[in-house]
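Each remark here refers to the structure printed beneath this line.
The values are calculated or read from the model by the stated rules, or taken from the named source; none is laboratory data. What you see is a predicted model; the values in this text were computed from it and never measured. Backbone-built Cβ (ideal geometry, glycine too); neighbour counts: all protein chains shown. Accessible surface is based on the protein model in full, side chains and every heavy atom, while ligands, DNA and RNA are left aside. Shrake-Rupley method; radii C 1.70, N 1.55, O 1.52, S 1.80 Å.
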Amino acid sequence: MEFSSQPIVEKDILELVWSNTNDAIFTIGYDGRILSANPSFTSILGWEETDFSEATCFPFFSDMSSKEHEQQLTKFKQGHDNPYYVTKRKRKDGVVLDILASYRAINNGEVLAVGMYKDFSEQMNIQRRLQASEECYRNLVEFIPDAIFVESNERIVFVNSPGISLVGAKSVKDVLGQSVWQFIRTDDQTAFKRKIHQVISRKEPIIEQLLRFDGETIWVEIIMMSIVFEGESVIQVLLRDITSKKNYEAQLEFLAFHDPLTGLTNRHYFTEQINQAIESAKKESQMLAVMYIDIDKFKRINDSLGHGVGDQLLKQFANRLKENVREEDILCRIGGDEFLVLLNGFKEKKAALEIVSRLYNALQVPYFIDNQKNVATSSIGIAVFPEDGMNSKILISRSDAALYLAKEQRNVFQFYEIEKTL
């Protein structure tokens, strides 16, 4: 089978973010080594990819032991993220920086996790200096890009210009006397206020959604601490818009489990889902079916009409799959023109046959791309749980065997029959 090229748009977006973000982004392998790092990583810390070896996986750690490092890798392997927190990291020239760090467990391919660092030294230095002078405080916070709010008795008594902009207010008058927390979207104010008190005592940031005056919802990172302002003990709240970072993380998470061209799940995600579905079907005494589908003579379409047309046909094909299965069914693009479909939970084989027949008929309709009619049929192999196999590996293998028989005629569907495959 020939694999179609992925769309340029998704690749370009990720490359632009990787190359142009001010945050350091790097990927971590299962052995703890740095696999790749973006330009901002070197700009912030001075370290190059060539500086990392098996003996010096993380030379920029200023206070982490080998044992702690292994414990962190184990958490990543278990799928646990390490969200935003302020820590210390050592620059190559020996200078220790305050860093806002975040790690997301990926566990996909050779990538164990993705790390993100932001140089937080300037903000932390400002925080330390704020205690020295209230007059200095007011002047300094106007020159930092982050939103600063000062609250006394749950009422805002001071806000800097970035704070006014962040919440979409027209002037400081719209904000003073309000509470910062009225902008935060939460279903449980009581639980959220408990979280606030914990954050103040631990000095750890939290991530929440903020509703602006104009109705737009953004993601913000919130850091809080007690300070003295105008002779009174108050709460300082620092808010940073991290919407673009959250979107990027969502994109990374999506690409870890989905095919970027069609939006269908990939084989890794499909395998997880089918294993869960099998366990559920055993408990409920239900049946499942796995369909292995490919597009007949797809290589000829790519060769004669070009990969652009081939990609459009794959997208339309994926849409037909979505339109002709049920919400509980799982769709997967393995690669090229090969697809898997999990038909979830039914009592009789007849139910699977009805879905297969409906999908088969839908795939008979020609595809129209750039106002041109393109005829492309499909062949389908089906294996049924439990009669054709009791685990995902066997079911996928036997649906593939059934597809092999279907391809001998093309444009047919074939249920697995052991006599025919011997």
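State whether one or more residues within the stretch 57-71 are outside any loop (DSSP other than H, G, I, E, B), surrounded by 19 or more Cβ atoms within 10 Å (Cβ to Cβ) and at pLDDT below 90.
No: zero hits.
The residue that is least open to solvent (accessible area, probe 1.4 Å), counting only those in the stretch 153-168 that are outside any helix (DSSP H, G or I) and closer than 16 Å to Thr217 by Cβ, is Val167.
Residues that are more than 33 Å from the chain's Cα centre (by Cα), among the β-branched types (Val, Ile, Thr) and buried (at least 21 other Cβ atoms within 10 Å of the Cβ) within the stretch 375-394 are absent altogether.
Return the pair list, or none, for Cβ contacts closer than 8 Å from residues in the stretch 25-48 that are open to solvent by 30 Å² or more (accessible area, probe 1.4 Å) to residues that are part of a helix (DSSP H, G or I) and of a type in the set (D, E, K, R), at least 6 apart or on different chains. Here the result reads Tyr30/Lys77; Ser36/Glu49, each pair linking the stretch 25-48 to a residue that is part of a helix (DSSP H, G or I) and of a type in the set (D, E, K, R).
Going by the conditions given, is Lys173 in a helix (DSSP H, G or I) and surrounded by 13 or more Cβ atoms within 10 Å (Cβ to Cβ)? No.
Is it fair to say Ala406 is of a type in the set (A, V, I, L, M, F, W, C), more than 30 Å from Gly308 (Cβ to Cβ) and open to solvent by less than 70 Å² (accessible area, probe 1.4 Å)?
For Ala406, the condition - of a type in the set (A, V, I, L, M, F, W, C), more than 30 Å from Gly308 (Cβ to Cβ) and open to solvent by less than 70 Å² (accessible area, probe 1.4 Å) - is not met.
Scan the stretch 278-295 for residues that are at negative phi and either open to solvent by 10 Å² or more (accessible area, probe 1.4 Å) or among the polar types (S, T, N, Q) (or both) and the total you get is 8. What's the number of the only condition in (1) more than 29 Å from the chain's Cα centre (by Cα); (2) within 28 Å of Ser357 (Cβ to Cβ); (3) at pLDDT 90 or above that Val290 fails to meet? Among (1) more than 29 Å from the chain's Cα centre (by Cα); (2) within 28 Å of Ser357 (Cβ to Cβ); (3) at pLDDT 90 or above, Val290 violates only (1). Of all residues in the stretch 244-262, none are in contact with a Phe, Trp or Tyr (Cβ under 6 Å, 6 or more places away or on another chain), of a type in the set (A, V, I, L, M) and not in a helix (DSSP H, G or I). Of all the listed residues (Val228, Val199, Val172), the sole one being among the aliphatic types (A, V, I, L, M), out of contact with any helix residue (DSSP H, G or I) (no Cβ under 9 Å at 6 or more places or on another chain) and more than 15 Å from Asp146 (Cα to Cα) is Val199. Filtering Gln209, Gln273, Gln189, Gln198 for residues that are in contact (Cβ under 8 Å) with a residue 40 or more places away in the chain and not acidic (Asp, Glu) leaves a single hit, Gln273. In the stretch 388-408, the condition of being in contact with a helix residue (DSSP H, G or I) (Cβ under 7 Å, 6 or more places away or on another chain) and of a type in the set (Phe, Trp, Tyr) is met by no residue.
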